[in-house]
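The values are calculated or read from the model by the stated rules, or taken from the named source; none is laboratory data. Keep in mind that what you see is a predicted model, and the values were worked out from it rather than measured. Positions of Cβ are generated from backbone atoms using ideal geometry, with glycine treated the same way; all protein chains shown enter the neighbour counts. Surface areas here come from the heavy atoms of the whole protein model, side chains and all, with no ligands, DNA or RNA. Shrake-Rupley method; radii C 1.70, N 1.55, O 1.52, S 1.80 Å.
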Amino acid sequence: MKKYTQISDISNLSETIKEAILLKMNPYEHQHLGKNKTLVMLFFNSSLRTRLSTEKAAKNLGMDVMSLNVNDAWNLEFEDGTVMDASTSEHVKEAAKVISQYADIIAVRAFPSLKDREKDATEMVIKSFEKYATVPIVNMESATAHPLQALADAITISELSEKSRPKVVMSWAPHPRALPQAVPNSFVEMMQKMDVDLTITHPEGYELNPEITKDTPINYNQDEALKDADFVYAKNWSSYTDYGNVISRDRTWMITKEKLGHAKFMHCLPVRRNVIVEDAVLDSDQSIVMQEANNRTYAAQIVMKGILENL
Amino acid sequence: MKKYTQISDISNLSETIKEAILLKMNPYEHQHLGKNKTLVMLFFNSSLRTRLSTEKAAKNLGMDVMSLNVNDAWNLEFEDGTVMDASTSEHVKEAAKVISQYADIIAVRAFPSLKDREKDATEMVIKSFEKYATVPIVNMESATAHPLQALADAITISELSEKSRPKVVMSWAPHPRALPQAVPNSFVEMMQKMDVDLTITHPEGYELNPEITKDTPINYNQDEALKDADFVYAKNWSSYTDYGNVISRDRTWMITKEKLGHAKFMHCLPVRRNVIVEDAVLDSDQSIVMQEANNRTYAAQIVMKGILENL
Amino acid sequence: MKKYTQISDISNLSETIKEAILLKMNPYEHQHLGKNKTLVMLFFNSSLRTRLSTEKAAKNLGMDVMSLNVNDAWNLEFEDGTVMDASTSEHVKEAAKVISQYADIIAVRAFPSLKDREKDATEMVIKSFEKYATVPIVNMESATAHPLQALADAITISELSEKSRPKVVMSWAPHPRALPQAVPNSFVEMMQKMDVDLTITHPEGYELNPEITKDTPINYNQDEALKDADFVYAKNWSSYTDYGNVISRDRTWMITKEKLGHAKFMHCLPVRRNVIVEDAVLDSDQSIVMQEANNRTYAAQIVMKGILENL
């Protein structure tokens, strides 16, 4: 693997998932790979799972890890040709090249503005690091994608599916704040590559980028969509068409035990209890959110193992 | 040892102190114990000694360490059954279980509100982690207790006492701000388990929780209390009865060289010079605050060694 | 080496530079030196290059690293004899001694106020750590000096000079904000010890401390100064005479490709593009800012190697 900024960087998904599951049984056996190698994690935004699981994965591989909250250092400039006489004190050209000299892999987290759809779509932060860094880049959630989360989700479904072609339903759920589309985007893209029967359900107006959803069925009727589901993946996102806005907080979309049927419940976390999903679901054996979170480590580890082998 | 959230988690105190003193002479000999084990330190509040000494202790034991300032990630929800549509974005149920999957030990620091005595007494943060985490918890100072500090103090007194049953006086001292009762609570509890002659002295109204002080003598006359002391432990705390309030800033309670007599001076640090204690004391050989701070490492190390042996 | 708080702590500069260049080829060969040794990095101010390169250097040497943003812990008191009843909660006397017990080397970054020249000149923070710590101190940029940067610059010039006695010109350049004199001070001091032909150029009123510049030629005419330069070191600083003030933002002082001639361009970074220097310079092969940034690691590493050998 040369980098992992998008799902298409995985050349053989089923093989990668299989290897990740094997890795879990013996997580420390590749520590020679990371010896004297350094992961630098750059956070433009806050993180709990991603920070801890990626650091853990790197250490499992024998790497050293250095973390930087970028905004505690300098405000970076991303535009070309700017006269930098305002608030930005370092251009990403310099930052990315300099950090590349201290790192063997750079992992970056940078959320979207949710103000300007075209600008968010350019993925300026992660793309700039890809362009200017001289070492491989790992995406720890960017403006429009969260490929490590999607890989953890794919591993989890592979491990826990009791069918050859399970029905997977991704359902929008309400939330008080405007959230990015990164997680649903990457989940949809990932599921499209797997042997699953995928349906998306959300209120009208919550259509994701059609270049991502493509011909995946979208059903505005949640009850219909959820029927006979094997996996229900709940997630809130703000509107893509009315970009970045919360156009509904309709609580009837909350996932309940009744709606879930016999399906397994998935969510990337953090999750708002009794808003996205009721306690009865999360506290039941049907919830597999902990397995997903655990697989974050192995998703990051299989990716970085692939990158280290390719250095 | 299964965890260390309270002093009573130590089954054999004198043995533990003896082992800690031995550990000091050879701090790196147990590095096999921590190999491929991870300590996650969670800070809800700021820290200097505790952060550095606990991290150092873990590394002495061969562990990896990951630190998270929790408030830089998400605001956690601690109440059961809440509809999480306000400011908290993750429930401690999920956070504790998720972090348990990345950690072999979780250490937590969370101060009291000092607004609501009953609520602080529930020790919601540390108890929630104890309840929901699936790995052992270490208390790096909670609302009402600081058992690592108390263990460091016990080690220090054991090392430096020239008597079989020294007289130990814990004295309240003035401070401009309202401070928790955690340190004095744990010091009293710890001393009650040791072979020392313990006296507490403070202005009227500064009585600690009587369930902790029990039958330990309390003397409102500092001069009388300090007479013939071998160890004077100075500490400010806010009122327990008039909860969380500063009811006196009486500077005559400051520890001076004259008041100290031939006793050794102890304080958990950070200490306000010339408010809690005069320079002449801190800068003299009678001050053993540095030995206490140094023993923070070995207190944390003996505790985590016990936990690692029990995993 | 006993410490590295100022350039004069290097006893044999040319030997140190030679060793640093050798170290680069085999950065991991001294890992036994740092085994079970800990670097504590204390940041009173933000940092990107210094934080990452110093951490990397320590890990290359086999050390453990613990970082603390001091202001996230306590406000430190530096004055002697203060009655600490205001905002400072810990005296540097205690902090430095305590941290010394957890560390084998302490590295400190603390910028000047730029308000009070006499006070900044006392170098209170770094000098206090030197005075009270019981382990060696490394300066990661103090009020008036940045000796690690200067050592990296010296290594870079040694590596890339095509002449036995190159002409080095340090040129002031404009910047929207008031910056410290630490970098230019240390660069001048370092060049004075090397076999280079050093000239300083800046607008009138930007004279640095004459005790540092000594008899180094100063030319107010930038064009004249830059003539036939082999290395041009650009840097902004605020006025030393009109202390801490920006007395000119004259854009004609920006370094351009034309002004540069055939010289190599140096800057410590972060650099304001098209303010300090135009894109055409930074994006050309004449820019050696990346080599400088890379040498930050080896400057820190050769210094800490010397200190570890001397422990």
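Distant-in-sequence amide contacts of C:Val65, defined by a placed amide H-H separation under 5 Å and a gap of 5 or more residues or a different chain, comprise C:Leu39. Of A:Thr54, C:Thr252, the order by accessible heavy-atom surface (1.4 Å probe, DNA, RNA and ligands excluded), from most exposed downward, is C:Thr252, A:Thr54.
For region A:177-311, place one equal point scatterer on every Cα, skip the solvent, and apply the Debye formula. What is log10 of I(q)/I(0) at q = 0.18 Å⁻¹? The computed values of log10 I(q)/I(0) come out as -1.12.
For the pair region B:80-94 and region C:219-283, the centres of their Cα atoms are 54 angstrom apart. Between helix B:92-102 and chain B there is an angle of about 80 degrees, using the helix long axis and the longest principal axis of the Cα atoms.
Against the longest principal axis of chain C, how steep is helix C:13-25, in degrees 0 to 90 to the nearest 10, with axes from Cα atoms? Result, in degrees: 80. Here A:Gly261 yields copy-to-copy label distances, from shortest upward, of 8.0, 8.0 nm, the label point defined as 7 Å from Cα along Cα to C-beta. For A:Asp85, inter-copy separations between label points set 7 Å beyond Cα along the Cβ vector come to 5.0, 5.0 nm, shortest first. Summing Cβ point charges (Lys, Arg +1; Asp, Glu -1) relative to the Cα centre of region A:55-171 gives a dipole of roughly 540 debye.
Considering the options B:Tyr102, C:Asn45, C:His30, tell which one lies farthest towards the positive end of the dipole of the protein assembly as shown, charges being +1 on Lys and Arg and -1 on Asp and Glu at the Cβ, about the Cα centre. Projecting each Cα onto the dipole axis, the largest value belongs to C:His30.
Averaged over the residues of B:216-227, the number of partner chain Cβ atoms lying within 10 Å of the residue Cβ comes to 0.
Rounded to the nearest 20, the size of the Cβ-charge dipole of region B:175-311 about its Cα centre is 520 debye, with Lys and Arg at +1 and Asp and Glu at -1.
For C:Asp197, nonlocal amide neighbours, meaning residues 5 or more places apart or on other chains whose placed amide H falls under 5 Å from its own, are C:Lys167, C:Val168. How big is D, in µm² s⁻¹, for region A:110-150 by Stokes-Einstein at 25 °C and 0.890 mPa s if Rh is the Kirkwood radius over C-alpha pairs? Translational D for this selection: 230 µm²/s.
Phi angles of region A:233-250 translate, via the Karplus equation with coefficients 6.51, -1.76, 1.60 and θ = phi - 60°, into HN-Hα couplings of 9, 8, 6, 8, 8, 7, 5, 8, 6, 9, 3, x, 9, 8, 9, 7, 10, 4 Hz per residue; Gly and Pro are given as x.
The figure for C:Ser158 is an accessible area of roughly 50 square angstrom, using a 1.4 Å probe on the protein chains alone. Computed over region A:136-245, the alpha-carbon pair-distance distribution with 10 angstrom bins reads 14, 49, 32, 5, 0, each value a whole percent.
Per-residue 3J(HN,Hα) values for region A:158-166, derived from phi via the Karplus relation 6.51 cos²θ - 1.76 cosθ + 1.60 with θ = phi - 60°, read 4, 5, 10, 6, 9, 10, 6, 9, x Hz in sequence order (x marks Gly and Pro). Residue by residue along B:56-65, Cβ atoms of other protein chains within 10 Å of the local Cβ number 3 on average. Relative to the longest principal axis of the Cα atoms of chain A, helix A:182-192 runs at roughly 70 degrees. About its Cα centre, chain C has a charge dipole of approximately 620 debye under the convention of +1 per Lys or Arg Cβ and -1 per Asp or Glu Cβ, with nothing else charged. Computed from phi, the 3J(HN,Hα) profile of region B:293-306 under the Karplus parametrisation 6.51, -1.76, 1.60 (θ = phi - 60°) reads 5, 5, 5, 4, 4, 7, 4, 4, 6, 5, 5, 6, 4, x Hz, with x in place of Gly and Pro.
Considering only alpha-carbon pairs that sit under 8 angstrom and 6 or more positions apart, the relative contact order computed for chain A is 20 percent.
Counting Cβ atoms of other protein chains within 10 Å of each residue's Cβ and taking the mean over peptide A:69-82 gives 3. Working note: 222 nm ellipticity from helices only, DSSP H runs with n ≥ 4, each -39,500 (n - 2.57), summed and divided by the residues of the protein assembly as shown, gives -10500 deg cm²/dmol to the nearest 500.
Pairs of Lys residues in region B:34-129, spaced 8 or more positions apart or belonging to different chains, with C-alpha separations under 13 angstrom: 4 in total. Take A:Leu13, move 7 Å from Cα toward the beta carbon, and the resulting point lies 6.0, 6.0 nm from the same point in each other copy, nearest first. Taking amide H atoms as placed 1.01 Å from N in the peptide plane, the amide H of B:Val277 lies under 5 Å from those of B:Ile255, each 5 or more residues away in sequence or on another chain. Diffusion coefficient (Stokes-Einstein, Kirkwood radius over C-alpha pairs, 10 °C, 1.306 mPa s) for chain A: 79 µm²/s, rounded to a whole number. Taking all Cα-Cα distances within the protein assembly as shown, those exceeding 38 Å account for 50%.
Across region A:71-130, how large is the tail of the calculated P(r) beyond 16 Å, expressed as a percent of all Cα pairs?
Of all Cα-Cα pairs in region A:71-130, 50 percent lie more than 16 Å apart.
Normalised by residue count, region A:79-206 yields a Cα convex hull volume of 149 Å³ per residue. Pairs exceeding a 19 Å alpha-carbon distance, out of B:Lys167/B:Lys235; A:Lys2/A:Lys24; B:Lys2/B:Lys214; A:Lys24/A:Lys305: A:Lys2/A:Lys24; B:Lys2/B:Lys214. Largest first, the extents of the alpha carbon coordinates of region A:258-311 on the three principal axes equal 49, 21, 14 Å. Both radii come from the Cα set of region A:1-113: Rg as radius of gyration, Rh as Kirkwood radius; their ratio Rg/Rh reads 1.03. The residue list A:Met254, A:Pro217, A:Ala229 was ranked by how far each Cα lies along the charge dipole of region A:211-311 toward its positive end, using unit charges on Cβ atoms, and A:Met254 comes out on top.
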